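Engineer: Take this structure, written in structure tokens, and hold onto it; I'll ask about it next.
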Amino acid sequence: MTVTAESEQPRPAQGVAFSDAVTFAFGDPAADVYGIARVGLSPGEDGDPQGSGLAMLFSGREPVAVRAAGGIPVGTADWAAVDAAGVRTTTVEPLSTWTIAFQSEDGTTSFDLRFEALSDPAVIDADGEAARVGGMEGYEQLCHVTGSAQVRGGRRRVDCFGQRGHSWGAPDWDRVALARTIGVWIDPEHAVTLTAIRPSGSKRTHADEAIAASVFSAPPEGAERSVPVTVEDPRVTTTMDEEERQRRAGLELWIDPDGYPLRVAGEVLCGTSLDLGRLRLDCAFFHWTMDGRHGVGRYDILRRVAP
């Protein structure tokens, strides 16, 4: 898949199970704020577009605001037309600059941020195993995030790294047991994006998962943005707690099977679980270490739960 400015537009709906979403995530250790916001579009029963929103903001080890809403009619299939769960987004320049804003129901907690791309898109191609198993394709970009966050009435300046992704498709949760999304943000030359899909009926191990991963490397001469390099053999290990929430993780990324792997280690900083009906979202932010460098990032698990 070649990503162009037109790729930023919402995709035409392909059946009632189809969904399209843009997701923003960021983490600023200096300000002690970590957040994620998602805006989605999907067809309603009458075929007209409906919007959804999801946002979580953390400070310390616990969330200070969580809000979700869906099934909201929108006049047109446009990201800027969606106003759901206090989340709004705009595209300033496709594949380059966006804004994302969130406000809690009581008005005491919010963020207003600008995301500027630091990398070319890392693609999860429809022909790849992770997209075939999970039913979703898309792309991710490493970003510089600036703006402000309000935590229980106190304003904090935000200046950090983050990630913006666009994904679409029709996942079949009768065939998928869980999906992992990992982002490592250390600097524009040391960052990782990874998606892993575990099919239903498989053993409960990482070895059964279809994984797509990219490492962001230094820009080529004359270029301004980092370049995503596909990981030929990505491997993940995760230590879970008694409630199957991620607590520590390790990545072994073989870019060249004949060379040496890039190793990344992480541990949880903050997180929470969100009941989404037949699904459960375990959202966490991690402290990551790579090649002696330190940064933060996200590690989310979306899983099907028993009725």
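Engineer: Would you check which residues across the stretch 171-201 are among the hydroxyl-bearing types (S, T, Y) and more than 18 Å from the chain's Cα centre (by Cα) and list them?
Structural biologist: S200
Engineer: Let me ask something else. What number goes with the only condition from (1) assigned to a loop (DSSP other than H, G, I, E, B); (2) of a type outside the set (D, E); (3) closer than 20 Å to A122 by Cβ that F26 does not pass?
Structural biologist: (1)
Rundown of residues vs (1) in contact with a Leu (Cβ under 6 Å, 6 or more places away or on another chain); (2) under 30 Å from H294 (Cβ atoms); (3) acidic (D, E), yes/no style:
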| residue | (1), (2), (3) |
| --- | --- |
| V74 | no, no, no |
| D83 | no, no, yes |
| I100 | yes, yes, no |
| D106 | no, no, yes |
| S110 | no, yes, no |
| D125 | no, no, yes |
| L142 | yes, yes, no |
| T146 | no, yes, no |
| C160 | no, yes, no |
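Engineer: What residue, of R114, R132, R152, is closer than 28 Å to V176 by Cβ and of a type in the set (K, R)?
Structural biologist: The unique qualifying residue is R132.
Engineer: Determine the pairs where a residue that is more than 12 Å from T193 (Cα to Cα), located within the stretch 292-307, has a partner that is part of a loop (DSSP other than H, G, I, E, B) and among the hydrophobic types (A, V, I, L, M, F, W, C) with Cβ atoms under 7 Å apart, the partner being 6 or more residues away or on another chain.
Structural biologist: R304/W173
Engineer: I would also like to ask the following. In the stretch 250-307, which strands (runs of 3 or more DSSP E) lie fully inside it and hold 1 or more residues that are loosely packed, with under 14 Cβ neighbours inside 10 Å?
Structural biologist: Strands (runs of 3 or more DSSP E) meeting the threshold: 262-275, 293-304.
Engineer: Something else about it: Name every residue in the stretch 271-302 that is of a type in the set (G, A, S) and more than 18 Å from the chain's Cα centre (by Cα), in order of residue number.
Structural biologist: G277, G292
Engineer: If you scan the stretch 112-147, which residues turn out to be out of contact with any helix residue (DSSP H, G or I) (no Cβ under 9 Å at 6 or more places or on another chain), assigned to a loop (DSSP other than H, G, I, E, B) and closer than 14 Å to S214 by Cβ?
Structural biologist: Of everything in the stretch 112-147, those that are out of contact with any helix residue (DSSP H, G or I) (no Cβ under 9 Å at 6 or more places or on another chain), assigned to a loop (DSSP other than H, G, I, E, B) and closer than 14 Å to S214 by Cβ turn out to be L118, D120, G128.
Engineer: Continuing with this model, one more query. Restricting to the stretch 110-141, count the residues that are in contact with an Asp or Glu (Cβ under 6 Å, 6 or more places away or on another chain) and either within 18 Å of P228 (Cα to Cα) or among the β-branched types (V, I, T) (or both). Can you show your working first?
Structural biologist: Residues of the stretch 110-141 in contact with an Asp or Glu (Cβ under 6 Å, 6 or more places away or on another chain): 122, 124, 126, 131, 135.
After this cut, where a residue has to be either within 18 Å of P228 (Cα to Cα) or among the β-branched types (V, I, T) (or both) as well, the list is 122, 124, 126, 131.
Total satisfying the criteria: 4.
Engineer: Across the stretch 43-90, what is the total count of residues that are aliphatic (A, V, I, L, M), outside any loop (DSSP other than H, G, I, E, B) and either at pLDDT below 90 or farther than 17 Å from D282 by Cα (or both)? Before you say what the answer is, go through the steps one by one.
Structural biologist: Of the stretch 43-90, the ones aliphatic (A, V, I, L, M) are 54-57, 64-66, 68-69, 72, 74, 77, 80-82, 84-85, 87.
When the remaining residues are screened for being outside any loop (DSSP other than H, G, I, E, B), the result is 54-57, 64-66, 68-69, 72, 80-81, 84, 87.
Now drop any that are not either at pLDDT below 90 or farther than 17 Å from D282 by Cα (or both), which leaves 69, 72, 80-81, 84, 87.
Selection size over the stretch 43-90: 6.
Engineer: Has the stretch 49-60 got any residue that is crowded, with 17+ Cβ neighbours inside 10 Å, among the small types (G, A, S) and within 19 Å of G154 (Cα to Cα)?
Structural biologist: yes
Engineer: Hey, another quick one. Within the bounds of the stretch 221-242, is there any residue that is loosely packed, with under 14 Cβ neighbours inside 10 Å, part of a loop (DSSP other than H, G, I, E, B) and not acidic (D, E)?
Structural biologist: So far as the stretch 221-242 goes, yes, one or more of its residues are loosely packed, with under 14 Cβ neighbours inside 10 Å, part of a loop (DSSP other than H, G, I, E, B) and not acidic (D, E).
Engineer: Among the residues of the stretch 98-109, is any within 18 Å of P228 (Cα to Cα), of a type in the set (S, T, N, Q) and within 18 Å of the chain's Cα centre (by Cα)?
Structural biologist: Applying the first criterion (within 18 Å of P228 (Cα to Cα)) to the stretch 98-109 yields none.
No; the residues of the stretch 98-109 include none that is within 18 Å of P228 (Cα to Cα), of a type in the set (S, T, N, Q) and within 18 Å of the chain's Cα centre (by Cα).
Yes/no per residue for (1) buried (at least 21 other Cβ atoms within 10 Å of the Cβ); (2) closer than 20 Å to G138 by Cα; (3) without any contact (Cβ under 8 Å) to a residue 40 or more places away in the chain:
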| site | (1), (2), (3) |
| --- | --- |
| E8 | no, yes, no |
| A31 | no, no, no |
| G35 | yes, no, no |
| G70 | no, no, yes |
| A77 | no, yes, no |
| A80 | no, yes, yes |
| A85 | yes, no, yes |
| T89 | yes, yes, no |
| W98 | yes, yes, no |
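The values are calculated or read from the model by the stated rules, or taken from the named source; none is laboratory data. Since this is a predicted model, take the numbers as computed values, not measurements. Note: ideal-geometry Cβ built from the backbone for every residue, glycine included; neighbour counts use all protein chains shown.
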